[in-house]
Amino acid sequence: MQAHPKKFDIIVVGAGHAGIEAALVAARMKCQALLITMDLDTIGKMSCNPAIGGLAKGHMVRELDALGGQMGLTTDMTGIQFRMLNRKKGPAVWAPRTQCDKKAYQFAMKAICERQSNLQLFQAQAVSLVVDGGKVVAVDTSLQVRFQTQTVILTTGTFLSAVLHVGSNTTDGGRGGEPSAHGLSASLRDLGFELRRLKTGTPPRLNQKTIRFDELQPQYGDTPPPPFSFIHETSYALNDAPLPDSTLGGTESARKLFHVEQSAVPTGNTWQPSLPQLPCHLTYTTDRTAKVIRDNLHRSPLYSGQIKGTGPRYCPSIEDKYVKFPDKATHQIFLEPEGGQTEEIYVNGSSTSLPFDVQIEIIHSIRGLEEAEIIRPGYAVEYDFAPPTQLHPTLETKPIQNLYFAGQLNGTTGYEEAAAQGFVAGLNAALRVQEKPSITFSRTQSYLGVLIDDLVTKGTDEPYRMFTSRAEFRLLLRQDNADERLTPLGKQWGLIDDDRFRRFENKCRRIAELTSFLQTHRHQGQTLDQWLRHPEIQVESLLPHILPTLGPIPDDIRATVEMNIKYEAYVKRDLLHVERMKKLDDQIIPAQFDYQSLRALRRESRDKLHAIRPHTIGQASRISGVTPADVAVLLVALKRG
Amino acid sequence: MQMDETIAAIATPLGMGSLSVVRMSGKMALPVADQVFRGHKGGKPSKYRTHTLHHGLVGEGRDVIEEVLLAVMRAPHSYTMEDVVEFSCHGGLVSAKRLLDLLLSKGVRLAHPGEFTRRAFLNGRIDLTQAEAVMDVISAQTEGAHTAAVAQLQGHLYRKIEQVYEHLTNVLSHVEAHVDFPDEGLTPDTRETVISHLRDAIEFEQQLSRTARDGHVLREGVRTVIVGKPNVGKSSLLNALLRHDRAIVSPIPGTTRDTIEEVLNIEGLPLRIVDTAGFRDAEDPVEREGVLRTRAQLLGAELVLLVLDSSKRLEKVDRDLLALCKEKPLIVVLNKRDQGQIIDSQYLRDMTTVSASMKNGEGLDRLRETISSHLWQGRSRESFREIFVNTRHHEALQRSSKALQQAMDALKAGKSLEYVAADLRQALHSLGEVNGRSVTEDVLDRIFSNFCVGK
């Protein structure tokens, strides 16, 4: 084994959505970072659906963006259809979702990583971790090169000892056409980690020239397209010169990379996507689909016992849908373009691991796809994950210091969940290198906090996906106020530059201005904010009163203020609960606390607390099976010191 | 756990015929005491010196609950090391319960079992060497509470609460499916359907709450007030009823009061009888206080026995009394039937009346039967046997119903579904305190089993 001459601060293993955010945040915090990937051409590859965002996921991307993460910016750069979901409901549960040009996204991410100062890329397979005195100190690669480092972040996705299933055909592989990673699983087990198996799947891809689109219902994006990044919002551009080109550099690059002909440089204050916008199409399965699946169910590796890993309930395979909901005659299928430079179509809703011949029959049974050609078969992938209760809320592992895990390795699913963890792991590794206190995001503050607290406190038995219903404070954790919640933190770590911060403060000022205007101005005896409390009254209906004094109000500011006022009672109630939760989360349990000697704890609680080692009383109280009485015992024991 | 909240509970055992102490501890104890206590010598509890006793009235506005002795113990020199106020009530459990309800309505939370003791430990009242030993006791208590809870869990109430919890989880899963999966072609219930489900749930919870009141009756007795003008035979009635039940009677000496309270057993239901001072014409200023007191007693009455003289025509005082009692469950006892029946029976036509003579014991059995059938009205003995409802369950049900009502209002007002979900969650959390379930996971499970979610 030969040692690489440079010693790094942070090595990130794996360059998927978690690895990218981890490496970028580390480098942007001025740490010397190395990103190791098995294939440089697959950096930021979207292995499954060609979309970023959606309910709760979109919220997390907005949070990442507010903190200075990359996913939102690259999504804006490479989006081919922008929508705000749930517009019929209140702004708290609006969620942005964008169809991306997959290849554009992937190569934009590669270019961004390549150009990032303090970040070095290297193509190699990491095969084992070197640990000294309980701390990770180096990563060995398959080419017999040892990279020394202070910290390591593992973001191995679905690649650890992974197996692909198409019917009874099984092959070694971490993603269609790519080999799995061997060695690391054994290395982790040697270091004392528990690994278990999970499963996830992906649908077949079609060639769009063989699809009869004229029979199908097209779905277009919103007008104007809602961007992901706060810096692309109208309110950030107000009272200022148009955004400087430096912040849009990425967009410019994307245009150059993909030879976009149209002029897409934003004019004035309105952001516009840089790639041509494309529709998706909606179609449905038929009676024939049901029959094909029923007749061939015995050939599914899911039901034959061939696949042992647990799959996600909310992302079931098409065969699962028919088995679990036999009464539902048809299921929606979305045909989503994978990009502007390819004919490939993603058949969203038809994830399957049935044999290839059955896949053809299923596809042909769907309206509009009667003659469609499958150009990549659907498959299921089974892989190792490390149950996340082995992690601290900083995503550092409990057994090995300075080692962090993020992404699907922790049992999650989804690009956004991965990116969120990657960011938190990268941030904490950088803080460790700089010998600064680590950061734990709270449930009361962000979906990032909900995600990580759920993972490290409760663990997971199936691929974990975020839902808004997982957040106790969904009405506070909105996509529109992610910057209010988090941008000051991003600034503190140097991830938000002065220009952006000024724009952010400007937005906050306008929100305060409009709020106080509404509170102090009257119409027919009632203040305007009282009027707003009537369900049928919107800020828009009050504009005649507002415009003469404040001038035009950008939509995003309108929505935020309206939301704050309309639902004040709910927000107040939530804030009370937030205070309560904070108090419990402020009570730290020492790392070496001896649960086993606390005889007053019930045996089950003692074992669980010992295994999970919660950092705070609040976290302890959220462990399933730990009762309020147990928490009281803990409090007493802590007082005793 | 939540040490910032002020808590209160009846601190004396729920036995019969003893003095009851209501204890309140926490930051708000003194300010809340200021709101409910009027000292005979003036002043406010928040101004009283620590470790002093004060005689006065508790109640709200003009509704006096009763006379109490109030003790103030300021932090840190109290059992919990927080500000503590204790009310000693002579009026037995019924008035202690009413005082407790009043405190709860002021934002004070009902203490969990053992919580005063727990706070005492947590605040370091007990020193380090003692702590371990006391913790064993506490955990034994919890163990005991656990056993009791398990017993309850297998019972009637738990099944009922489970039933409504399941029902609401289902409703919430529909609302959440609207919120979290807007794009998946699901067809969750419409607003109208959800409203009708909520209406059912509230009705269900209120029925349960009513059984909670029955449980309260079983444990703490039916507060029964005997009223009537002087010398009409109130005390004779009380004595006559008691004579049957000598064995279980435990008189509470009415030290500072001129009402006395007795407990008697009518077919298994305890009756807590208050005999009031005679009700005279209110023109006389000396008697005005007696009238006020009668009025106050009637306010808390769950059953009123109004005694009239059957041998005389109705007087103005009688008619005043009838008017005062008309909102209450009322049995009119026509006493002195041995001396003739010239009372205007037309006037009493629509009321439950029992003709009797305390002098020769005539009609007493019928009176007992009437009281009994009145109390058991609409209740089966079987249902009683299974009820274990306590104030905490009752409180949880009430909070749940309140949140459900808000959810219904939000739905009707056309508010967006995430707010409806917030109220529903609140309602489920309240029930979860009783059945110990975790709402988030239960709702997600339900969504995945109800809907084919996921592309």
Mind checking the mean number of beta-carbon atoms from other chains within 10 Å of the Cβ atoms in B:410-422?
-> 5
How much mean residue ellipticity at 222 nm does chain A get from its helices, if each DSSP H run of length 4 or more adds -39500 (n - 2.57) and you divide by all residues, to the nearest 500 deg cm²/dmol?
-> -11000 deg cm²/dmol
What's the average, rounded to a whole number, of partner chain beta-carbon atoms within 10 Å of each residue's beta-carbon in A:86-93?
-> 6
Determine the gain in length on full extension of the stretch A:Ser142-A:Ser438; use 0.36 nm per residue of separation and subtract their C-alpha separation, reporting nm with one decimal.
-> 103.3 nm
Nitroxide proxy distance, nm - points 7 Å out along Cα→Cβ at A:Lys30 and A:Leu297 = 6.2
Which FRET efficiency value, to the nearest 0.05, is calculated for A:Lys583 and B:Glu441 with the Förster distance at 35 angstrom and r the Cβ-Cβ distance?
-> 0.90
What lysines sit close enough to A:Lys103 to cross-link, taking a C-alpha to C-alpha distance under 17 Å and skipping anything fewer than 8 places away on the same chain?
-> A:Lys45, A:Lys256
If the cut-off is 14 Å between C-alpha atoms, which aspartates and glutamates fall inside it for A:Lys583, apart from same-chain ones fewer than 8 positions away?
-> B:Asp4, B:Glu5
When ranked by the protection proxy of mean other Cβ atoms within 10 Å per residue, highest first, what sequence do the peptides B:53-64, B:170-181 form?
-> B:170-181, B:53-64
Yeah, chain A with a ≥ b ≥ c from its alpha-carbon gyration tensor (a/c under 1.5 is rounded, else prolate when a/b outruns b/c, oblate otherwise) is rounded
If a/c stays under 1.5 just call it rounded; otherwise compare a/b with b/c (prolate if a/b is bigger, oblate if not). Do that for the stretch A:497-574, with a ≥ b ≥ c from the square roots of the Cα gyration tensor eigenvalues.
-> oblate
Step through the table entries B:Lys234/B:Lys328; A:Lys6/A:Lys135; B:Lys160/B:Lys412, compare each Cα-Cα distance with 21 Å, and write down the pairs that go over it.
-> B:Lys160/B:Lys412
Okay, which of the stretch A:460-479 sit inside 20 Å, backbone N to the point 7 Å along the Cα-Cβ direction of A:Arg573?
-> A:468-478
Can you list the aspartates and glutamates whose alpha carbon is less than 14 Å from that of A:Lys328, not counting same-chain residues fewer than 8 positions off?
-> A:Asp287, A:Glu319, A:Asp320, B:Glu184
Hey, rough spin-label estimate for A:Arg603 and B:Asp101, points 7 angstrom out along Cα→Cβ, what's it come to in nanometres?
-> 4.5
Any idea how far apart A:Ala591 and A:Gln2 come out in nm if each label point goes 7 Å out from Cα toward Cβ?
-> 3.7
Full extension from A:Gln492 to A:Phe356: what is 0.36 nm times the residue separation minus their Cα-Cα distance, to one decimal in nm?
-> 43.7 nm
Could you work out the mean count of beta carbons from other protein chains within 10 Å of each residue's beta carbon in A:462-470?
-> 4
Gyration tensor on Cα atoms of the stretch A:587-640, a ≥ b ≥ c root eigenvalues, a/c under 1.5 rounded, else prolate if a/b beats b/c, else oblate, says rounded
Using the structure shown, list the pairs from A:Lys88/A:Lys321; A:Lys110/A:Lys491; A:Lys199/A:Lys308; A:Lys57/A:Lys110; A:Lys88/B:Lys415; B:Lys97/B:Lys402 with a Cα-Cα distance above 19 Å, or answer none.
-> A:Lys88/A:Lys321; A:Lys110/A:Lys491; A:Lys57/A:Lys110; B:Lys97/B:Lys402
Quick one: net charge around B:Asp34, please, counting Lys, Arg +1 and Asp, Glu -1 for every other residue with C-beta under 11 Å from its C-beta.
-> +4
Difference of contour (0.36 nm per residue) and Cα-Cα distance, B:Ser372 to B:Lys27 = 119.7 nm
Given a Förster distance of 60 Å, the FRET efficiency implied by the Cβ-Cβ spacing of A:Val323 and B:Tyr347, rounded to the nearest 0.05, works out to 0.20
One finds, for B:Glu192 and B:Lys316 with R0 = 41 angstrom and r their Cβ-Cβ distance, a FRET efficiency to the nearest 0.05 of 0.15
Mind listing the long-range amide H neighbours of A:Leu85? Cut-off is under 5 Å, sequence gap 5 or more, other chains count too, H placed in the peptide plane at 1.01 Å from N.
-> A:Ala95, A:Arg97
Equivalent-ellipsoid semi-axes of the stretch B:7-123, from the Cα gyration tensor, Å, largest first = 20, 17, 13
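Bear in mind these aren't lab numbers, they're just calculated from the coordinates by the rules spelled out. Keep in mind that this is a model prediction, so the values were computed, not measured. All Cβ positions, glycine included, derive from the backbone under ideal geometry; neighbour counts span all protein chains shown.
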